[in-house]
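Notes to accompany the following structure.
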Amino acid sequence: MSTQRVAIVTGAARGIGKATALRLSADGHKVAVLDLDESACAPVVEEIKAAGGEAIAVGCDVSNSEQVAAAVARVNDELGAPVILVNNAGIIRDNLIFKMTEGDWDAVMNVHLKGAFNMTKACQAFMTQEKFGRIVNLSSTSALGNRGQANYSTAKAGLQGFTKTMAIELGKFGVTSNAIAPGFIQTEMTAATAERVGVPFDDFIKGAAAQIPVTRVGQPEDIANTVSFYCDERSGFVSGQVIYVAGGPKD
Ligand SMILES: NC(=O)c1ccc[n+]([C@@H]2O[C@H](COP(=O)([O-])OP(=O)(O)OC[C@H]3O[C@@H](n4cnc5c(N)ncnc54)[C@H](O)[C@@H]3O)[C@@H](O)[C@H]2O)c1
């Protein structure tokens, strides 16, 4: 087994974040399950503990730098230096540009971009000290452009620039920084999109699968597996990369 590390997964109460927290625990790491509401993280922590792992629930809004500083300090106190960071927390506020409000724009930028900045800034201090770090940012195939997602696609493209810049700045400290750009993953986020466009989720999934080369939609575990690869000790020469995990070259 590789060295046990301390990981923080943001937005880990459900969906891709939850699957990632479970996977990093199965890989042997201690995991801080971080989400807006601490009590919503508790079932994930229980699942990890039941499987023999170590985890804590942390309530934190990643877009709030004071909450982030307190949360990361708590993880350091209770689990140890956080040197694996998965910036997964995300929201959607979809609308065509003529209907998109300033609030829709700011909310998405704050969670995805400022959230990743706040978390990375707080954790890099531990990574550089430990001379080891793994940063994984959740981008999206929407970074290439997607109707109704001017805010989200901009944030997800921005995260790719952030990923590459962190790879350049932090590489000499043994820190890698990489991104994953998922295609359609079956979670509450895509269920909300189906509801917004008025299509039953099952039909929405079938329609999406028909457009995907491997003829199925993605599951949270597909993304967790890619996070696991990036976080592996043996992946230290992989940095500044974006892997499109979309069942084909793009969504
Ligand atoms: N589902 C997909 O098809 C898909 C595709 C591409 C990218 N992604 C990205 O993957 C990530 C996870 O997506 P998901 O489908 O699991 O979404 P989800 O909506 O199921 O889960 C997102 C989690 O993030 C948390 N969160 C939101 N704002 C937060 C904040 N300010 N601070 C802390 N936590 C916050 C939510 O409470 C929620 O638990 C997101 O960044 C999303 O944009 C998802």
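The values are calculated or read from the model by the stated rules, or taken from the named source; none is laboratory data. What you see is a predicted model; the values in this text were computed from it and never measured. A quick note on method: Cβ atoms are made from the backbone with ideal geometry, for glycine too, and the neighbour counts reach across all protein chains shown. Please note that ligands, DNA and RNA were not included when accessible areas were found on the heavy atoms of the full protein model with its side chains. Shrake-Rupley method; radii C 1.70, N 1.55, O 1.52, S 1.80 Å.
If you check residue 107 against the conditions, is it open to solvent by less than 60 Å² (accessible area, probe 1.4 Å) and more than 14 Å from the ligand (Cβ to nearest atom)? Let's see the steps before the verdict.
Numbers: open to solvent by less than 60 Å² (accessible area, probe 1.4 Å): yes; more than 14 Å from the ligand (Cβ to nearest atom): no.
Considered against the rule, which asks whether it is open to solvent by less than 60 Å² (accessible area, probe 1.4 Å) and more than 14 Å from the ligand (Cβ to nearest atom), residue 107 comes out as no.
Quick test for you: out of 59, 11, 90, 17, pick the one residue that is touching a Cys at 6+ places or on another chain (Cβ under 8 Å) and within 16 Å of the ligand (Cβ to nearest atom).
Values: 11 fails: touching a Cys at 6+ places or on another chain (Cβ under 8 Å); 90 fails: touching a Cys at 6+ places or on another chain (Cβ under 8 Å); 17 fails: touching a Cys at 6+ places or on another chain (Cβ under 8 Å).
Only one candidate passes the filter, namely 59.
So residue 147 fits all but one of (1) touching a residue at least 24 places away in the same chain (Cβ under 8 Å); (2) in a helix (DSSP H, G or I); (3) open to solvent by 10 Å² or more (accessible area, probe 1.4 Å); what number is the exception?
In the conditions (1) touching a residue at least 24 places away in the same chain (Cβ under 8 Å); (2) in a helix (DSSP H, G or I); (3) open to solvent by 10 Å² or more (accessible area, probe 1.4 Å), residue 147 misses (2) alone.
Going by what's in this entry, would residue 83 be described as among the hydrophobic types (A, V, I, L, M, F, W, C) and within 15 Å of the ligand (Cβ to nearest atom)? Give the derivation first.
Working: among the hydrophobic types (A, V, I, L, M, F, W, C): yes; within 15 Å of the ligand (Cβ to nearest atom): no.
Answer is no for this residue.
So, in segment 20-30, of the ones that are within 18 Å of the chain's Cα centre (by Cα) and open to solvent by less than 70 Å² (accessible area, probe 1.4 Å), which residue ends up nearest to the ligand (Cβ to nearest atom)? Talk me through it step by step, then tell me what you get.
Restricting attention to segment 20-30, the residues satisfying the condition of being within 18 Å of the chain's Cα centre (by Cα) are 20-27, 29-30.
Still in the running and open to solvent by less than 70 Å² (accessible area, probe 1.4 Å): 20-22, 24-25, 27, 29-30.
Numbers: 20: 9, 21: 11, 22: 13, 24: 15, 25: 17, 27: 19, 29: 19, 30: 19 Å.
Ranking the candidates gives 20 first.
Can you confirm whether segment 31-50 contains a residue that is touching a helix residue (DSSP H, G or I) at 6+ places or on another chain (Cβ under 9 Å), open to solvent by 60 Å² or more (accessible area, probe 1.4 Å), small (Gly, Ala, Ser) and more than 10 Å from the ligand (Cβ to nearest atom)?
no
Is it true that some residue in segment 114-134 is closer than 17 Å to residue 240 by Cβ, in a loop (DSSP other than H, G, I, E, B) and among the hydroxyl-bearing types (Ser, Thr, Tyr)?
no
Are there any pairs with C-beta distances below 6 angstrom linking a residue in segment 124-136 that is in the same structural domain as residue 68 (by TED's automatic domain parsing) to a residue that is modelled with pLDDT of 95 or more and open to solvent by 50 Å² or more (accessible area, probe 1.4 Å), with the two at least 6 apart or on different chains, and if so which?
Partner pairs satisfying both residue conditions: 128/173; 131/173.
Keeping to segment 200-245, report how many residues are open to solvent by less than 30 Å² (accessible area, probe 1.4 Å), without any contact (Cβ under 8 Å) to a residue 60 or more places away in the chain and closer than 15 Å to residue 16 by Cα.
The number of residues fulfilling the criteria is 3.
Inside segment 158-251, counting only helices (runs of 4 or more DSSP H) that do not spill past its ends, which hold 3 or more residues that are of a type in the set (Gly, Ala, Ser) and within 16 Å of the ligand (Cβ to nearest atom)?
Working: elements: 188-197, 201-210, 220-231.
Once the helices (runs of 4 or more DSSP H) in segment 158-251 are filtered for at least 3 residues that are of a type in the set (Gly, Ala, Ser) and within 16 Å of the ligand (Cβ to nearest atom), what remains is 188-197, 201-210.
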